C-alpha cells in the first residue's frame, strides 16, 4: 500500500547498522541490471505517481551509464498521466538518457499474475545480462494477507506471497537477485522476508505505510550512475537513507521507516518464529483473554481510527510484551531478528515502535478479514501459520453477549468549578459523615481539614496504604449513628484520634486532641472506593485474568498511581473520575475499555470520542476513566481525535475523521514533546480493497472541513454525523485543547470483548 499518512513529528532520523555479511562472489564484472515492475493501479490513473517516479529515474542520469541497464515493466492501470504507455497491455521499456524506450509489447497481461512477473524477469536477464541484478516492485502492498501489485484492469487482482515467490523463482531460473526492494506499504514481515531466502541476498522493505511519492529514485540512482561499481550493500543503504531523508524534509510529510534485511539470516528467524508461535498457540488455547489483551497493547502498522489496520506488529515490541510468559522463545526470536535486520532507519516520530521487522499477529482484522486470513495461512504447515490460524479462529468465535447496557456508570468525583461544591460517591461519603455544612475542599478546621492535604507533601501521599485498606462499607451500617461508626474501612482515620505528642519543658502545655488528618481520611475513602468488595480473584488463583505473567503484563499500570498522577497534574476545579464495576463473567470476556463522551442532540446521542485515560483492575473488574473537561478543538469546534504515542521521541500522532470539501478524509497531525501542534494535511484512508489511497492533501485557505462523529438513534441505529463547519483560514487551521462548551453532555463506557466487538453501557448525565 502506498499512502502518505503524514504524521511527521520530530524529524530525527534513527539508523542502526549491525554490519553486512559478504554475499557469495559473483565475478569481477561491474555491470548492473535494475528491473522495475511497475503496476500503476489507481496510484497512476488518479494521481500520476508512477509517472513522477519514472521522471525521477530519468533525471538521475542512470540511463546514460553504459554499465547499468534499467528495464521497466509497465501496466496495471487504466490511464497513464505522464507517458504514452499502453493502458491495456504490459510493455517493457529500457531507460536511456532521454527517457523510456519501448523494447517489447508483451500483450494483455495481469500484473497480479505470477506468469507476468516471471516473463518480465526472464526477458530482463536474457536481454540485459549483468553480473548483478536488482529488482524493485512498485504499487500497493497489503502485507502477508493481501500481497502486492493489484492490477486495476483485472479487478484489482494482486500477487499473493505464494504467487510472488513463484513468479520470482520461475523467472530467475536458478539465478539470484542481489537486492530486491518493495516500493509498497507494509511488505516488511517475517513471511515475505523468509520467502526471499535463496531468491535475493538482501531485501529493502517498509514496516509502515509508504508515502505516495515512494522511494527517492533520483537520490539513490544518481550515485549508481556516477559509480556503477558501488556495492550492493551501499545501494541498499542509499535506498533507505534517501527515502527517510526525503520524508524528513517534508516533501512527502509522512511517517516513514525502511529496513534492509539479510536473507541469509531468515532461516534462523523463522526457526525462532515457529518456536515462539508453537508456545503462543498453547497460550491461546488456555488463556485467549491474556493473549488478546497483550496483543491490544501493541501498535499495528497502518492504523486509522475506524478502519482495521494490518495486524502487523513489531517483532521486538511483541517479544518484549510476551517476555514474561515466553521468556526463552521471546529472547530467541528477538535476537534472531536483530541479526537479520542489518540496517533500519525511521523518521523520529515512529522510532519508538518501528525496529525493523514485523510479525503478523491477528486481532483487529479478524472480524472483517477472517476468510482471507484463513485462506492464506490454513494451507501452510509451519507452526507460525498454525498459530495465526488458531488465533484467528478463536478470536472470531469468542463473541460474547456482554451485558453492557445494564450497567450504570458511577461518578467518583466531579467539581463544578466552585470552591465549595462537588459531586460523586467520594463527596457523598464525605458529606454523609461530616454533614452538608462541611465543604469537601475546606481548609483544615473543625471539619477535619482539607482532604487534599498530604497529596504532594513530604508527610506522605493520600494514596498511601491502598493495597491494605478494606472495603468502604466494612464496619458500617446505615442504621448506625454517623457519630459512632466502627473504626475500620473508610471510617478508619475519620474517627481515630491521633495520640498527643508529649511536650516537655518548664512552660510546656499539651496540644489539644485534634481530628484525624484529612489526608489519612481520604486515603481510606479512596482505597475503599477502589476496593468495593468485589474482589473476584485472589493472588495466585488459577484464572485467565490473574494468571502469573499475563496479569502483570496487562495490569492497569497501578490504578492508584494513575489516579494520583491525574489528580496531582489536573486542574482541581475541573476534574472527574468515572467508574464502572463489571461482573466476573463480563470481566472474563473483556479485552479493553474506554470512557466515551456523548451529547444529546434531539432524539440522538452523538459520540464525540474517548474521555482521557482509562485503567482497568483485572482482579476486581473496576474500571476508571479520568477526564478533566478539556477537548481537542479545530478552530474552536470539537473534533474526534485518536492518538498514537511515540515514546522515545515524546511526540504524539493523531488522526481526525472529517469531511473535507465534501470528501470523507482523515486529518493528520502531531503534538511535539514541547507541546507544538501541527496539522499536516488530510488523506482519504483506504479503498474498498483494503489498500491505502495514496496522497496527502494540504489544508488550504477556504477549504470547508466538517468533523465527523457517530450519531446513535433511540433504537440503536448508527449514522455518520457532521459536526460544525470549519473554514480553513489563511494562516492555517489550529488545533487546541480547551474546555468543552456548555451543553447536555453524557458519558458511557465502551467495552470491547475478545472478538473485537464493542458494547456500550447506559449513558448518564455528565456531572461537570
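The values are calculated or read from the model by the stated rules, or taken from the named source; none is laboratory data. Since the model is a prediction, treat every value here as computed from it, not as a measurement. Positions of Cβ are backbone-derived with ideal geometry, glycine not excepted, and every protein chain shown enters the neighbour counts.
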query = For the subset of the stretch 739-760 comprising residues that are over 25 Å from the mean Cα position of the chain (by Cα), part of a loop (DSSP other than H, G, I, E, B) and in contact (Cβ under 8 Å) with a residue 60 or more places away in the chain, which member is surrounded by the most Cβ atoms within 10 Å (Cβ to Cβ)?
reply = 740
Condition check for residue 16: modelled with pLDDT of 95 or more, part of a strand (DSSP E or B), surrounded by fewer than 16 Cβ atoms within 10 Å (Cβ to Cβ) and in contact with a strand residue (DSSP E or B) (Cβ under 9 Å, 6 or more places away or on another chain) = no
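Results for (1) more than 41 Å from the chain's Cα centre (by Cα); (2) closer than 26 Å to residue 233 by Cα; (3) in a helix (DSSP H, G or I), shown as yes or no for each residue.
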{"position": "103", "(1), (2), (3)": "yes, no, no"}
{"position": "112", "(1), (2), (3)": "no, no, no"}
{"position": "121", "(1), (2), (3)": "no, yes, yes"}
{"position": "129", "(1), (2), (3)": "yes, yes, no"}
{"position": "135", "(1), (2), (3)": "no, yes, no"}
{"position": "150", "(1), (2), (3)": "no, no, no"}
{"position": "153", "(1), (2), (3)": "no, no, yes"}
{"position": "165", "(1), (2), (3)": "no, yes, yes"}
{"position": "168", "(1), (2), (3)": "no, yes, yes"}
ask   = Restricting to the stretch 206-240, what's the tally of residues that are more than 23 Å from residue 130 (Cα to Cα) and assigned to a loop (DSSP other than H, G, I, E, B)?
value = 10
remark   = Checked the stretch 348-375 for anything out of contact with any helix residue (DSSP H, G or I) (no Cβ under 8 Å at 6 or more places or on another chain), outside any helix (DSSP H, G or I) and buried (at least 23 other Cβ atoms within 10 Å of the Cβ); matches are 354
query = Of the residues 194, 203, which single one is assigned to a strand (DSSP E or B), in the same structural domain as residue 127 (by TED's automatic domain parsing), touching a residue at least 60 places away in the same chain (Cβ under 8 Å) and surrounded by 18 or more Cβ atoms within 10 Å (Cβ to Cβ)?
reply = 203
query = residue 97 is checked against (1) under 29 Å from residue 380 (Cβ atoms); (2) at pLDDT below 95 and fails just one. What number does that condition carry?
reply = (1)
request  = Only one of these is part of a loop (DSSP other than H, G, I, E, B), assigned by TED's automatic domain parsing to the domain that holds residue 725, at pLDDT below 85 and at positive phi: 702, 695. Name it.
outcome  = 695
request  = Kindly indicate whether any position in the stretch 173-189 is part of a helix (DSSP H, G or I), assigned by TED's automatic domain parsing to the domain that holds residue 345 and at pLDDT 95 or above.
outcome  = no
query = Restricted to the stretch 664-678, and to residues that are modelled with pLDDT under 80 and surrounded by 14 or more Cβ atoms within 10 Å (Cβ to Cβ), which residue is farthest from residue 632 (Cα to Cα)?
reply = 672
message = Any residue at all in the stretch 620-628 that's surrounded by fewer than 19 Cβ atoms within 10 Å (Cβ to Cβ), in a strand (DSSP E or B) and touching a strand residue (DSSP E or B) at 6+ places or on another chain (Cβ under 6 Å)?
response = no
Qualifying positions in the stretch 705-730 - part of a loop (DSSP other than H, G, I, E, B) and under 22 Å from residue 762 (Cα atoms) = 713, 714, 715, 716, 717
inquiry  = residue 72 - would you say it is under 15 Å from residue 149 (Cα atoms), crowded, with 16+ Cβ neighbours inside 10 Å, modelled with pLDDT of 95 or more and in the same structural domain as residue 59 (by TED's automatic domain parsing)?
reply    = yes
request  = Taking only the stretch 704-718 into account, find how many residues are surrounded by 10 or more Cβ atoms within 10 Å (Cβ to Cβ), under 16 Å from residue 759 (Cα atoms) and in contact (Cβ under 8 Å) with a residue 40 or more places away in the chain.
outcome  = 4
query = Looking at (1) crowded, with 23+ Cβ neighbours inside 10 Å; (2) modelled with pLDDT of 95 or more, can you tell me which one residue 113 breaks?
reply = (1)
inquiry  = Looking at 65, 45 in this structure, which one is in contact with a helix residue (DSSP H, G or I) (Cβ under 9 Å, 6 or more places away or on another chain), closer than 20 Å to residue 213 by Cα and in the same structural domain as residue 111 (by TED's automatic domain parsing)?
reply    = 45
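Residues are listed down the side, and each one gets a yes or a no for (1) touching a strand residue (DSSP E or B) at 6+ places or on another chain (Cβ under 7 Å); (2) part of a strand (DSSP E or B); (3) free of Cβ contacts under 8 Å to residues at least 24 places away in the same chain:
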residue	(1), (2), (3)
51	no, no, no
56	no, no, no
81	no, no, no
84	no, no, yes
88	no, no, no
95	yes, yes, no
100	yes, yes, no
ask   = in a helix (DSSP H, G or I) and either out of contact with any helix residue (DSSP H, G or I) (no Cβ under 7 Å at 6 or more places or on another chain) or over 20 Å from residue 291 (Cα atoms) (or both): does that describe residue 345?
value = no
